[in-house]
1. If we scan segment 85-104, do we find a residue that is at pLDDT 90 or above and in contact with a Gly (Cβ under 7 Å, 6 or more places away or on another chain)?
2. May I ask you to list the residues in segment 123-152 that are open to solvent by less than 30 Å² (accessible area, probe 1.4 Å) and either closer than 20 Å to VAL26 by Cα or part of a helix (DSSP H, G or I) (or both)?
3. Part of a helix (DSSP H, G or I) and acidic (Asp, Glu): which single residue out of GLU35, GLU49 fits that description?
4. Just for helices (runs of 4 or more DSSP H) wholly inside segment 77-122: which have at least 1 residues that are closer than 26 Å to GLU49 by Cα and open to solvent by 70 Å² or more (accessible area, probe 1.4 Å)?
5. In segment 12-30, which residues are surrounded by fewer than 16 Cβ atoms within 10 Å (Cβ to Cβ) and more than 24 Å from LEU63 (Cα to Cα)?
6. Does GLY55 fit the bill of being surrounded by 13 or more Cβ atoms within 10 Å (Cβ to Cβ), of a type outside the set (A, V, I, L, M), within 17 Å of PHE15 (Cβ to Cβ) and in contact with a helix residue (DSSP H, G or I) (Cβ under 8 Å, 6 or more places away or on another chain)?
7. Testing VAL72 on (1) under 15 Å from the mean Cα position of the chain (by Cα); (2) surrounded by fewer than 15 Cβ atoms within 10 Å (Cβ to Cβ); (3) among the β-branched types (Val, Ile, Thr), one condition comes back false. Which one is that?
Amino acid sequence: MYWTALALHILSAIFWLGGILFLGIVGAPVLRKVEPPELRQRLFGMLGERFRTAGWTAIGILLVTGTYILYVRGLLASDVLGNSAFWRTGTGIALAVKLVTVTVMLVLSGAHDFVLGPRAGRLEAGSPEALRLRRQAALMARVNGLVALVLIGAAMRLAR
């Protein structure tokens, strides 16, 4: 069961982080060149909705499998989590960094997927307000990608 959970965790992380990076590095720059603005906005919306569903499914799998993996490894025991000395070890620091980066990514992804993106999609394509919201969403996605790199480092440290 542990190895199945680990495999699902890694595959879900690859899918979610790979999707974020693909959309930011390939998808969005290509779509920015699409004319007219109404078509561009519709394509952004379609891509966003499709990835949102798949991405949040991956996030759900990550949360469930990650919790299970921590449980199996004994890292959710109260004598571990409540021990201040644990949080000063390499494993404790890596776990803390991973938990913080996961939280940051969830907040950024939620704001991007459920607030900024849909709000921009409801506005007139190419309007100053829509463009402002798109720029904010793009910046948020880039920050999320950078946070993902920190998360990957913490995950590797935690695994080793």
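The values are calculated or read from the model by the stated rules, or taken from the named source; none is laboratory data. No experiment lies behind these values; they were computed from the predicted model shown. With ideal geometry, Cβ positions are generated from the backbone for all residues, glycine too; neighbour counts draw on all protein chains shown. Just the protein is used for accessible areas: all its heavy atoms, side chains included, with ligands, DNA and RNA removed. Shrake-Rupley method; radii C 1.70, N 1.55, O 1.52, S 1.80 Å.
1. Within segment 85-104 (the criterion being at pLDDT 90 or above and in contact with a Gly (Cβ under 7 Å, 6 or more places away or on another chain)), the answer is yes, since at least one residue qualifies.
2. ALA130, LEU133, ALA137, ALA138, ASN144, GLY145, VAL147, ALA148, LEU151
3. None of the other options fit; the residue is GLU49.
4. 90-111, 117-122
5. Listed by number, the residues that qualify are ILE25, VAL26, PRO29, VAL30.
6. yes
7. Of (1) under 15 Å from the mean Cα position of the chain (by Cα); (2) surrounded by fewer than 15 Cβ atoms within 10 Å (Cβ to Cβ); (3) among the β-branched types (Val, Ile, Thr), only one is false for VAL72: (1).
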